[in-house]
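Take a look at the structure set out below.
The values are calculated or read from the model by the stated rules, or taken from the named source; none is laboratory data. What you see is a predicted model; the values in this text were computed from it and never measured. Positions of Cβ are backbone-derived with ideal geometry, glycine not excepted, and every protein chain shown enters the neighbour counts. Heavy atoms of the whole protein, side chains included, go into the accessibility calculation; ligands, DNA and RNA do not. Shrake-Rupley method; radii C 1.70, N 1.55, O 1.52, S 1.80 Å.
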Amino acid sequence: MEATKSSGSLNRKKRNLFIVLSGIFLTNALLAEILGVKIFSAESTLGFPPAQIRLFGDFVLDFNLTAGVIIWPIVFVTTDIINEYFGKKGVRRISFLTALFILYSFFVIYAVTKLAPADFWLNVNSPDPNGKDFNINYAYGVIFQQGLGIIIGSLTAFLIGQFLDVLVFQHLRKFTGSGKIWLRATGSTLVSQLVDSFVVLWIAFFVFGNWSMEQVLSVGVINYIYKGALAILLTPLLYVAHFLIDRYLGKENSERITEEAAGEGFF
């Protein structure tokens with residue numbers, strides 16, 4: 001009887017843990033996709049002059065990034081934690097669910113931008129603070145509408161990146177065992193984001209857009225440098241998360257769960 005109660009309590013804690021981690025993962029992935037329409041200058045934000053880096057021919061590149069990359073590292077960290085405790089099945093489940101929610105959000109946002117604006121809303125928000133004519137409905141549409149290429153590119157890169165992350169993480173765990181969390185977490189992120197950083201740009205702006213391959217490669221390099229650096233800097237956060245989860249589940253239960261998750265195999 002006591003064993004049954006203990007098992008039920010553990011299952012409840014596992015379920016609650018998966019719900020919390022899935023909520024963090026889904027929220028940040030969805031926000032990153034929506035916020036990604038803004039391109040910001042890292043140099044100007046930090047008060048530095050433009051980098052003016054020459055990469056791949058005559059293309060001059062500054063540290064201009066999509067706003068969505070700011071919170072993508074949270075998605076990386078959450079992916080590794082879900083992988084550690086729930087295995088590739090857990091990551092696959094939340095990845096597909098997140099992709100569906102992102103696609104649904106794009107359709108809803110597109111439909112909303114097509115609604116006829118109320119006259120008073122247009123009048124109240126025009127002119128702008130400088131006294132110039134301002135069409136808030138046009139601005140709303142430009143900000144939220146994303147082209148088909150960006151949608152296809154981001155979803156494709158997201159799913160490929162997630163699956164690569166899972167495979168590399170599980171493969172490294174075969175060699176590291178339960179230790180060296182930093183190695184499998186950082187290694188899986190560096191490999192998966194190497195593909196993700198270039199796939200999304202290639203599909204969205206080369207296949208469906210008018211970027212040159214030099215521009216795709218140059219911007220992809222900057223995005224990858226940022227993501228790789230953040231993956232390394234956020235490694236301590238993984239250990240904090242593991243410490244809190246181990247306390248929540250119990251050390252013995254936590255070790256058993258992670259071993260079960262690792263037992264799913266590489267393929």
Only residues that are without any contact (Cβ under 8 Å) to a residue 60 or more places away in the chain and open to solvent by 40 Å² or more (accessible area, probe 1.4 Å): list them for the stretch 75-95, please.
R93
Tell me which residues, restricted to the stretch 50-70, are crowded, with 16+ Cβ neighbours inside 10 Å and closer than 27 Å to S105 by Cβ.
N64, L65, T66, G68, V69, I70
Could you check the stretch 32-49 and list, in sequence order, the residues that are open to solvent by less than 80 Å² (accessible area, probe 1.4 Å) and either out of contact with any Gly (no Cβ under 7 Å at 6 or more places or on another chain) or in a strand (DSSP E or B) (or both)?
I34, V37, F40, S41, A42, E43, G47
In the stretch 192-220, how many residues are under 17 Å from the mean Cα position of the chain (by Cα), surrounded by fewer than 21 Cβ atoms within 10 Å (Cβ to Cβ) and touching a residue at least 40 places away in the same chain (Cβ under 8 Å)?
1
Looking only at helices (runs of 4 or more DSSP H) that fall completely inside the stretch 96-191, which ones have 2 or more residues that are surrounded by 14 or more Cβ atoms within 10 Å (Cβ to Cβ) and touching a residue at least 12 places away in the same chain (Cβ under 8 Å)?
136-144, 148-176
